[in-house]
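Values quoted throughout were computed directly from the atomic coordinates according to the rules given, and no laboratory measurement underlies them. Keep in mind it's a predicted model, so treat the numbers as computed, not measured. As a convention, Cβ positions derive from the backbone with ideal geometry for all residues, glycine included, and neighbour counts pool all protein chains shown.
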Amino acid sequence: FRGLMLDTSRHYFSVDAIKRTLVGMSHSKLNRFHWHITDSQSFPYVSKHYPQLARYGAYSDREIYTTDDVREVVEYARVRGIQVIPEIDAPAHAGNGWDWGPKHNLGELSLCINQQPWSYYCGEPPCGQLNPKNNNTYLILQRLYEELLELAGPLDYFHLGGDEVNLECWQQHFNESDMRTLWCDFMQQAYHRLQVANKGVAPKLAAVWSSGLTSYPCLSKNTYAVQVWGGSKWQENYQLINAGFSLVISHVDAWYLDCGFGSWRSTGEGACSPYRNWQTVYKHRPWDEMKLTSLQMRQILGGEACLWTEQVDESTLDSRLWPRSAALAERLWTDPVEEVYSESVPKETFNRMSVFRNHLVELGLRAEPIFPKYCAQNQDECV
C-alpha cells in the first residue's frame, strides 16, 4: 500500500488536476489514490440517489463531480496501476450538504452544522456530525457506498472515515451515560450498510482514521484497518499494533504535506508546523523507530502521504505534492536504511530527486525545485 490522499472538499479540484496528480503517482509508482471527496466544508459528489447532497453542499454548480467524472478518474487511474479509494467522511466532518433533511421529511441528518463556537463541537470550522439515531442517515450512506463501489470497485479496502468525532456535539442531543456507545453504534451500522452495499460481503478491510475512539473495544481487528495519522511517537501507534490492527501509516510529523504554512484562522497557530521538506518525508522510517518485530511488520499495510487543502487549490497543488510524494514512494518501495541514521540524506539521493523532479516538470507538473539550478548543473559542489 503506497498511497496519496487528496482532500477535494476544502477546495475543489478539477478532474484534469486530479488526472495530472495521477500521472505523477504513476511515474512515482504510488498505487493507491485515497480520494477524500467530502467533508464539512463542501459535498461536491453528485449522488445518483441523493443529488440534494451536492445541491446543498457544493460550492457552485460547476464545482461538482458527477458519476461520469468519478468513473473517468477511476479508469484513468486503473490503466496506470492505481486503485482509487473513495471516502465519504462520517460521522464527523459531515456538515454542509447534509442540512436538507427536515425540508424533505427525513429529519436531522446531521447535527451541529456550522455551530459556534466551533471549537466546542469540531476540530475546525465549519462543524457538522451525522445523526447516529436517524435511520435515514444510514440509508443515505448505504446508497453512497453502493454508488462508489459500483464506480470504483471491486475494492478490498474501503475507507469509512471516522476522523475526529466530537462527543460534545452528540451530547447536546442525546443523554447516553457514555457517548462512546454512540460511536460504536454508528460504526457498526456503517459497516453493516457497507456489507449490504457490497452485495452482502464487506470488502476485506474497512478503514478508519485513528483517534481516541479507535482503541475503544468495538472495532474488530479482523474487519477494520486503521489509518494512523497522529505523531510517530504517540502511544496510539503501539496500542493499535498490540491490539492486532492492520495499519496504514500517515504520521502527521512526517507525511502530512499541508503542514508548515501558518494558521489560516485569525487566531491560533498553524495546526501542524513546521514544514515537512522532502528529506523529512524520505527519512521517516516508522517501522524501525517503533522497533516492530517481523510478526508485527505484517500488520503494516503500507503508508500514505496526506494533503489537506485548507490552504491549497489548483494553483499550488503540484508544488505541494511534488517531489515530496516521490520521496515517500522511494521510502515505501526500496526503504534504504544507510542514510536514516545520518544528519542528511546521501548526495546520490539529492541527485536522483533532482533528476526526477525535472522529469515531473517535463510531464507538465509544476513540481517545486529542491535547490538552485546551479546546484542541479553542478551537483557535486552543493550537496
Part-to-part distance (alpha-carbon centres) for the range 311-332 and the range 1-29, which is given in Å: 9 Å
Inter-centroid distance (Cα atoms) of the range 74-97 relative to the range 132-183, Å: 15 Å
Between the range 187-259 and the range 35-55, the Cα center-to-center distance that results, in Å: 23 Å
Order of Phe33, Phe43, Phe356 under a 10 Å beta carbon neighbour criterion, fewest first: Phe356, Phe33, Phe43
For Tyr45, distant residues with modelled amide H under 5 Å away: Tyr65
Per-residue Cβ neighbour rank within 10 angstrom, fewest leading, Met353, Met290: Met290, Met353
Mean residue ellipticity (222 nm) of the chain, computed from DSSP H runs ≥ 4 via -39,500 (n - 2.57), nearest 500: -10000 deg cm²/dmol
Per DSSP, loop GluC sites (Glu not before Pro) in the range 340-379 with at most 10 further Cβ within 10 Å: Glu343
Spherically averaged projected area in nm², based on the convex hull that wraps the Cα atoms of the range 128-268: 10.4 nm²
Solvent-free Debye scattering, log10 I(q)/I(0), computed from the Cα coordinates of the chain at q = 0.07, 0.12, 0.13 Å⁻¹: -0.31, -0.93, -1.09
16 Å Cα-Cα reach of Lys133 towards lysines, excluding residues that sit fewer than 8 places from it in its own chain: none
Residues Asp178, Asp39 arranged by fewest to most Cβ contacts within 10 Å: Asp178, Asp39
Candidates per GluC sites (Glu not before Pro) in the range 1-104, loop by DSSP, up to 15 other Cβ within 10 Å: Glu63
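Report, in order of residue number, the helices in the chain meeting two criteria: a C-alpha extent of 15 Å or more along the helix axis, and a mean Kyte-Doolittle hydropathy of at least -1.0; treat each whole DSSP H run as one helix.
15-28, 67-78, 135-152, 180-197, 347-362
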Residues whose placed amide H lies under 5 Å from that of Leu205, excluding near-sequence neighbours: Tyr157, Phe158
The chain: Cys lacking any partner C-beta under 4.7 angstrom: Cys306
Two-decimal Rg to Rh for the range 204-281 - Kirkwood Rh, Cα set: 1.06
log10 of Debye I(q)/I(0), alpha-carbon scatterers only, for the range 80-163 at 0.16 Å⁻¹: -0.67
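Considering only DSSP beta bridges with both partners in the chain, what is the antiparallel share in %, to the nearest 5?
10 percent
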Shape call, the range 257-383: gyration tensor on alpha carbons, a/c limit 1.5: oblate
